[in-house]
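Step one of this worksheet: look at the structure below.
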Amino acid sequence: MRVAIVALSVLSLAGCAACASRAGDPLQLDRNILTVDNRSSSDWRDVEIWLNHYFRVTVKSIPANSRFQAPLDTFVAGFGQRFNFHSMQVKDLRLTAKLPDGKPLEIKKQFEAGGLAGVLRGAGGKPGGKP
């Protein structure tokens with residue numbers, strides 16, 4: 001009985017930790033799905049979400065305290081080309097919108113440097129490992 005209680009406690013803590021790590025970023029990527037989390041008390045209107053500067057999805061509104069989800073394959077470039085999740089890498093993701101008072105809103109997802117860029121920057125801040 002105690003083992004079951006401990007196991008449930010560990011699972012619930014792990015679930016809370018996973019939720020907490022995702023709660024900080026309004027633009028979340030999970031494989032082929034983008035989730036936009038509007039935790040503010042204001043609606044976001046005339047929303048444009050840009051992927052790699054070329055591919056875009058538009059949304060009329062994302063209400064306050066709600067979420068919007070879209071598969072990355074629905075992002076389209078100017079001449080109708082679709083983003084292909086299986087053969088393209090996400091390098092830039094940003095959202096622009098208007099707040100109810102007309103002020104602009106811009107959110108840019110911060111990516112951690114990976115691959116060689118992350119390794120080389122960790123060796124002194126500049127490629128080649130020189131400070």
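The values are calculated or read from the model by the stated rules, or taken from the named source; none is laboratory data. No experiment lies behind these values; they were computed from the predicted model shown. Cβ sites come from the backbone with ideal geometry, for glycine too, and all protein chains shown count toward neighbours.
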Worksheet item: Given the residues 99, 51, 72, which is the only one that is of a type in the set (A, V, I, L, M, F, W, C), under 23 Å from residue 24 (Cβ atoms) and more than 13 Å from the chain's Cα centre (by Cα)?
Response: 99
Item to complete: Determine whether the range 124-131 contains at least one residue that is at pLDDT below 95 and of a type in the set (Lys, Arg).
Response: yes
Item to complete: Please work out which one of (1) touching a helix residue (DSSP H, G or I) at 6+ places or on another chain (Cβ under 6 Å); (2) modelled with pLDDT under 95 is the condition residue 83 fails and give its number.
Response: (2)
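Condition check ((1) surrounded by 13 or more Cβ atoms within 10 Å (Cβ to Cβ); (2) outside any strand (DSSP E or B); (3) at pLDDT below 95; (4) in contact with a Lys or Arg (Cβ under 9 Å, 6 or more places away or on another chain)) across all residues:
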| position | (1), (2), (3), (4) |
| --- | --- |
| 21 | no, yes, yes, no |
| 37 | yes, no, no, yes |
| 45 | yes, no, no, yes |
| 58 | no, no, no, no |
| 96 | yes, no, no, no |
